[in-house]
Structure formats: C-alpha cells, structure tokens
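Participant: For reference, the structure I am asking about is given below.
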Amino acid sequence: MKILETDYMKLTILNNKIVLVDVADGIEITKEKTQLGIAMVEKEMPGDYGVIINRKEDYSFIPVDVYSVHNSHPRMKAIALVIYDNRIVLPVATEQRLFKGKLEAFNSVKLAKEWIDSAVD
C-alpha cells in the first residue's frame, strides 16, 4: 500500500489495480485537480486499474469536467462510488452515462473493492 497526497486529496494505492480516493471536506474538485490526481496515480499503476471514490466528506465537482478527464485515461477501467447518505448531488445513473468505463455505487469500501477486483481484468 502506498499513499499519495495533495492538500485536497489522499490517494491510497491498495494494490496493483485499485486506488482509494478520499477528498477533503469543502473542496471543489476542478478539472485541473482531477488531472493532477490521475497523473500521480498513472505513474504508480503498472496496468489497467479502477478507482474507489470514497464520498464520506462534503465536496463539490463539475461532473462533465471531471468525467472528461477520467475518460481521457484509457487505463482507468472502473469507478466505484462509496456513498454514505442520501445527500447524493448527482444520480448515479447520470454518472454512469458520463463515464465510458464501468461505474457502480456501494455503501462500503469493502464492497467497492470486491467489485473493482472483478471489474478490472
């Protein structure tokens, strides 16, 4: 396990195909912040990978911008969203349409990790 950090996010590489993303509370995730985070991850991952986005904090993002960055990285094959409450800003079905890979929502990191393990070959 390796941890990469910025002042607004923590990226934990759980294994050779799973990255856990925790975003700081109150942050606005921009296209530029997303590009930086993915660039850090891409240097560490040996092949195709999936991302678990742990939405335990309250932050904002512009979905079209963020998913355009995700879609420009073909090795990112899957995104698992971990959602803890009903404060969902954007329906998961909308996020599924924005991302070209596989995307599912879960209520725990454990379930998300199991899914990513099976979703990324």
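The values are calculated or read from the model by the stated rules, or taken from the named source; none is laboratory data. The structure displayed is predicted, hence computed values, not measured ones. Glycine also receives a Cβ, built like all others from the backbone with ideal geometry; neighbour counts cover every protein chain displayed.
Participant: Output the residue which, of all residues in segment 69-94 that are part of a helix (DSSP H, G or I) and in contact with a strand residue (DSSP E or B) (Cβ under 8 Å, 6 or more places away or on another chain), is surrounded by the fewest Cβ atoms within 10 Å (Cβ to Cβ).
Facilitator: Out of the qualifying residues, it is 92.
Participant: Which members of segment 12-34 meet the condition of being surrounded by fewer than 12 Cβ atoms within 10 Å (Cβ to Cβ) and in contact with a Ser or Thr (Cβ under 9 Å, 6 or more places away or on another chain)?
Facilitator: 26, 28
Participant: Same structure again: Take the residues in segment 35-52 that are under 13 Å from the mean Cα position of the chain (by Cα) and either aromatic (Phe, Trp, Tyr) or under 23 Å from residue 108 (Cα atoms) (or both); name whichever of them is surrounded by the fewest Cβ atoms within 10 Å (Cβ to Cβ).
Facilitator: 41
Participant: Could you check, for segment 95-104, whether at least one of its residues is closer than 19 Å to residue 37 by Cα, within 12 Å of the chain's Cα centre (by Cα), in a strand (DSSP E or B) and of a type in the set (Lys, Arg)?
Facilitator: No, segment 95-104 contains no residue that is closer than 19 Å to residue 37 by Cα, within 12 Å of the chain's Cα centre (by Cα), in a strand (DSSP E or B) and of a type in the set (Lys, Arg).
Participant: Can you name the residue in segment 1-11 that is surrounded by fewer than 17 Cβ atoms within 10 Å (Cβ to Cβ) and not hydrophobic (A, V, I, L, M, F, W, C) and, of all such residues, is farthest from residue 42 (Cα to Cα)?
Facilitator: 7
Participant: Turning to a different aspect of this structure: Looking at (1) crowded, with 16+ Cβ neighbours inside 10 Å; (2) in contact (Cβ under 8 Å) with a residue 60 or more places away in the chain; (3) in a helix (DSSP H, G or I), which is the only condition residue 66 fails?
Facilitator: Result: residue 66 passes all but (2).
Participant: So, of the residues in segment 33-60 that are at pLDDT 95 or above and among the hydroxyl-bearing types (Ser, Thr, Tyr), which turns out to be nearest to residue 84 (Cα to Cα)?
Facilitator: 34
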